[in-house]
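Trainee: Structure incoming, see below.
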Amino acid sequence: MLLLRSTFDFRRSAFLPAVVLLAVSAGAQSAQQAWPQWRGPLATGVSPTARPPMEWSESKNVRWKVELPGRGSSTPVIWGDHVFVLTAAPVGVELAASHDSRGTRGQIVPHRMMVLAFDRKTGKTVWERVAREQAPHEGYHQQFGTWASSSAVTDGEVVIASFESRGIYAYDMNGKPLWEVDLGDKQMRNQFGEGATPALFKDRLVVVWDHQGESFIAALDKRTGKEIWRKAREEVDSWGTPLVVETGGKPQAVTGAMNRIRSYDLATGDLVWESAGLTANPIPSPVYSDGLVILMSGYRGNSLKAVRLADARGDITNTPAVVWTFDRDTPYVPSPLLYDNILYFLKGNTGVLSAFDAKSGEPHYQLQRIEGVPNVFASPVGADGRVIVLGQDGSAAVLKHGPAYEVLATNKLDDRFDASPALVDNELYLRGYRYLYCVAAD
């Protein structure tokens with residue numbers, strides 16, 4: 001195993017020329033062979049091509065790990081030979097002590113909002129940029145919040161990093177800044193913190209800006225950052241990533257929220273359909289397969305709704321377009337995993353798993369406690385006929401994908417994890433509180 005430290009030099013400007021060790025070509029691979037966004041190439045948590053190891057530990061199948069500056073819970077994003085990670089590091093604090101993002105009395109100190117690119121093979125830093133250096137205007141949830149909770153997104157041409165109230169930034173694959181946009185400051189209830197990742201579809205970036213102020217959804221041009229359209233939303237805080245799907249040849253952006261579930265025409269921003277909303281503090285992102293969009297949340301209540309897009313027009317509340325619903329045991333923070341036709345989801349933030357038939361809503365199994373994985377904030381992922389559930393304490397269970405519950409392996413690392421795993425080729429990437437791990441059977 002190779003243990004590295006980030007080579008970031010805080011004195012560098014974000015706008016100095018990129019230090020390029022290995023360029024990435026947009027045509028080097030397809031999106032399905034990458035992990036271009038926080039829920040993977042299909043936005044379901046599944047990689048259709050990855051073959052990661054079944055077992056790992058600090059002394060087994062860890063190709064390298066690198067110590068990261070600052071804090072963040074964004075998922076690693078992978079394209080070509082690059083791994084992209086977002087973090088927020090307090091100014092004037094040494095790397096080893098920088099994982100606590102507040103001052104000695106809890107005050108908010110200035111932070112560098114950073115985009116880091118690592119070499120997949122070696123873990124060495126390829127390039128790094130400071131998007132902004134600033135003291136955040138408000139705090140975050142002390143248990144699992146950070147100022148870098150949104151994940152990057154890429155299509156092999158641009159890498160887009162959203163630090164939300166601290167701005168949205170676009171770079172080319174070599175780290176050259178392309179544009180930046182400041183959409184203002186969010187005001188989050190109880191200062192729970194931000195963490196809504198935007199969605200990238202072809203030439204458009206979809207941003208949901210739900211908070212205690214004037215909420216909206218907007219589409220930006222991925223090449224310039226120019227706002228194409230904006231629509232007001234009567235919503236409060238939400239954290240889920242919008243899901244862009246095509247039906248009838250027209251893409252639409254599906255959003256979950258407390259008051260209403262809504263879908264917008266990606267070209268115009270016009271409302272396509274809407275329905276009754278989810279619970280308060282909706283965090284899980286929606287998933288889609290075979291004509292069904294499934295949305296859920298689990299804070300101060302439980303809500304799951306499966307919507308058939310072919311029938312969804314106008315207000316679909318209490319119509320056959322809502323194919324099935326469920327009102328128990330849904331997740332608070334982790335998003336669901338939709339693997340083939342099986343929908344996996346956790347109860348609250350616990351290692352208690354249910355698996356349902358996605359089309360019918362019939363359970364395969366329910367409330368299965370995963371031994372040794374007590375608390376889970378990362379979202380489960382799937383590949384190669386397996387499901388990986390990563391616990392906050394570094395424990396992990398590898399399960400057999402299918403209608404019956406079966407544990408294939410249990411694993412443990414010496415870090416804590418809120419960020420969701422990423423899967424590419426024979427590699428598993430795990431972003432902890434302190435380290436970024438590359439797990440691979442070499």
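Trainee: I need the fraction of alpha carbon pairs in region 2-440 separated by more than 44 Å, rounded to a whole percent. It would help to have the intermediate numbers written out before the result.
Mentor: Details: 4343 of 96141 pairs.
Roughly 5 percent, rounded to a whole number.
Trainee: For a label point 7 Å from the Cα of Thr268 along Cα→C-beta, name the residues of region 201-218 whose backbone N is under 19 Å from it.
Mentor: In region 201-218, the label zone of Thr268 (backbone N under 19 Å from the point 7 Å along Cα→Cβ) covers 204, 217-218.
Trainee: Still on this structure, please answer the following. Can you figure out the FRET efficiency of Leu178 with Gln134, using R₀ = 22 Å and their beta-carbon distance, to the nearest 0.05? The partial results should precede the final answer.
Mentor: Working: r = 20 Å, r/R0 = 0.93.
My answer for the efficiency is 0.60.
Trainee: Distance in nm between label sites at Tyr365 and Ala441, each 7 Å beyond Cα in the beta-carbon direction?
Mentor: In this crude spin-label approximation the distance works out to 2.2 nm.
Trainee: Relative contact order of the chain, please, whole-number percent, based on alpha carbon pairs below 8 angstrom and at least 6 residues apart.
Mentor: Details: 1313 pairs, mean separation 68.3, N = 442.
Relative contact order comes out at 15 percent.
Trainee: Continuing with this model, one more query. Label point 7 Å out from Asp357 along Cα-to-Cβ: which residues of region 304-348 have amide N under 20 Å?
Mentor: 304-309, 320-328, 337-345
Trainee: Just grab the label-to-label distance for Thr49 and Ala280, each label 7 Å out from Cα along the Cβ direction, in nm (one decimal).
Mentor: Calculated label separation equals 4.4 nm.
Trainee: Shape of region 247-367 from its Cα gyration tensor (a ≥ b ≥ c, root eigenvalues): rounded if a/c is under 1.5, otherwise prolate when a/b > b/c, or oblate? Can you show the working numbers first?
Mentor: On the way: a/c = 1.92, a/b = 1.50, b/c = 1.28.
In terms of gyration-tensor shape, prolate.
Trainee: Nearest 20 debye, what's the magnitude of the dipole of the chain about its Cα centre given +1 on Lys and Arg Cβ and -1 on Asp and Glu Cβ?
Mentor: Numbers: 46 positive and 49 negative charges, 93 e Å.
Its charge dipole is roughly 440 debye.
Trainee: What span do the alpha-carbon atoms of region 137-189 cover on each of the three principal axes, reported in whole Å from largest to smallest?
Mentor: Here the spans come out as 35, 22, 14 Å, largest first.
Trainee: Once both labels are modelled 7 Å past Cα along the beta-carbon direction, what's the Ser30-Gln212 spacing in nm?
Mentor: 4.7
Trainee: Using the C-alpha gyration tensor of region 194-296, what are the square roots of 5 times its eigenvalues, in whole angstrom, with the largest one first?
Mentor: Numbers: eigenvalues 72, 58, 28 Å².
Each semi-axis is the square root of five times an eigenvalue, giving 19, 17, 12 Å.
Trainee: What is the extension gain from Glu406 to Lys250, computed as 0.36 nm multiplied by their sequence separation minus the C-alpha to C-alpha distance, in nm to one decimal?
Mentor: Values: separation 156, 0.36 × 156 = 56.16 nm, distance 3.99 nm.
Extra length from Glu406 to Lys250 when fully extended: 52.2 nm.
Trainee: Give me the number: length gained by fully extending Arg300 to Lys124, i.e. 0.36 nm times residue separation minus the C-alpha to C-alpha distance, one decimal in nm. Before the final figure, lay out the partial values.
Mentor: Values: separation 176, 0.36 × 176 = 63.36 nm, distance 4.32 nm.
Full extension from Arg300 to Lys124 adds 59.0 nm.
Trainee: Oh, and also: Taking the Cβ of Ala409 as the centre, find all other residues whose Cβ is under 12 Å away and add up their charges (Lys, Arg: +1; Asp, Glu: -1).
Mentor: Numbers: positive: Lys60, Arg386, Lys400, Lys412; negative: Glu55, Glu406.
Counting the neighbours of Ala409, the net charge comes to +2.
Laboratory data are not the source of any read-out in this text; all were calculated from the coordinates shown. Just so it is clear, the structure is predicted and the values come from calculations on it, not from any experiment. FYI the Cβ positions are ideal-geometry reconstructions off the backbone, even for glycines, and counts take in every protein chain you see.
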